[in-house]
Amino acid sequence: MTVPGLMLQRLTLWYGAQPLFEDLSLVVPGGQFVALLGPSGVGKTSLLKIAAGLLMPKSGSVQASDGRPLAGRIAYMGQQDLLFPWLDVIGNVMLGSRLRRQRPDPARAMDLLDRVGLAGRAAALPAELSGGMRQRAALARTLYEDRPIVLMDEPFSALDTITRARVQELAAELLRGRTALLITHDPLEACRISHHLIVLSGHPARLGVPIAVPGEAPRPPDDPGLLRTQGELMRLLTAGDDE
């Protein structure tokens, strides 16, 4: 099955009397992982929320490349894990089914928990999990939705370095073949798991030219192509228009 791309076309968003971005367009190719970087407050989260249908722009459109409606085809993973404290781990993974009044699929939920290393904690409450475990549970919940398009807003930013590296690898492996847009402030993270990198900068914000990352994700941190791309990305980020 062909995975649709995501097309954000000629978007304009104002906050008060100031434009956050104007006539901004972004295409995430089908089946590819794109990382969006840029300074805080530049509009990355707003752009992702527009893509998810959680925020309405002043003008512009969001479409799938195959022309079919986007409703029911996007999974969204935010900065916080947002696990319900009164539900056990497997209940949190299957929450979407319950909210849609669909029959849950415990077998598939358990398979995903096994893939993220949490099969033995399926009956645990979120308070009994470490931060890394909670993020892996949130990742399993996102994958359980089985959507072709996945949007993620700094989902691993609260993790320690080692746990973050492991969860990055899981995300790259389990989201392979899907269309994914990731917001991150971490150049290494972006280079490890993405096909392309894009920097959003300026006021009003504008998108830079996409940077291709060589090699197959997840890339080792000392991969020569990753290191070259990370250096190029750092030059762009430090020289960006931050006025």
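The values are calculated or read from the model by the stated rules, or taken from the named source; none is laboratory data. Nothing here was measured: the structure is a model prediction, and the numbers come from that model. We place every Cβ from the backbone using ideal geometry, glycine too, and count neighbours over all the protein chains shown.
Worth a mention:
Residue by residue, here is whether (1) surrounded by fewer than 14 Cβ atoms within 10 Å (Cβ to Cβ); (2) in contact with a Phe, Trp or Tyr (Cβ under 6 Å, 6 or more places away or on another chain); (3) at pLDDT 95 or above holds:
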{"residue": "LEU36", "(1), (2), (3)": "no, no, yes"}
{"residue": "SER40", "(1), (2), (3)": "yes, no, no"}
{"residue": "GLY43", "(1), (2), (3)": "no, yes, no"}
{"residue": "LEU48", "(1), (2), (3)": "no, no, yes"}
{"residue": "MET56", "(1), (2), (3)": "yes, no, no"}
{"residue": "GLY67", "(1), (2), (3)": "yes, no, no"}
{"residue": "GLY72", "(1), (2), (3)": "yes, no, no"}
{"residue": "MET77", "(1), (2), (3)": "no, no, no"}
{"residue": "GLN80", "(1), (2), (3)": "no, no, no"}
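- Residue, nearest to GLN102 (Cα to Cα), within the range 145-161, restricted to residues that are surrounded by fewer than 17 Cβ atoms within 10 Å (Cβ to Cβ) and either in contact with a strand residue (DSSP E or B) (Cβ under 9 Å, 6 or more places away or on another chain) or at pLDDT 85 or above (or both): ASP146
- ILE193 vs. criteria β-branched (Val, Ile, Thr), crowded, with 17+ Cβ neighbours inside 10 Å and within 18 Å of LEU8 (Cβ to Cβ): no
- Cβ-Cβ distances below 8 Å connect the following pairs, each with a first residue in the range 198-224 that is within 16 Å of GLY31 (Cα to Cα) and assigned by TED's automatic domain parsing to the domain that holds THR238, a second residue that is modelled with pLDDT of 95 or more and among the aromatic types (Phe, Trp, Tyr), and a separation of six or more residues or different chains: ALA217/PHE33.
- So LEU112, is it among the aliphatic types (A, V, I, L, M), out of contact with any Pro (no Cβ under 9 Å at 6 or more places or on another chain) and either assigned to a helix (DSSP H, G or I) or closer than 30 Å to PRO29 by Cβ (or both): yes
- Within the range 187-221, the only residue that satisfies the criterion of being in a loop (DSSP other than H, G, I, E, B), charged (D, E, K, R) and in contact with a helix residue (DSSP H, G or I) (Cβ under 6 Å, 6 or more places away or on another chain) is ARG219.
- The set of residues in the range 159-195 being small (Gly, Ala, Ser) and more than 23 Å from ILE74 (Cβ to Cβ) consists of ALA165 alone.
- GLY177 being exposed (fewer than 15 other Cβ atoms within 10 Å of the Cβ), modelled with pLDDT of 90 or more, of a type in the set (Gly, Ala, Ser) and in a loop (DSSP other than H, G, I, E, B): yes
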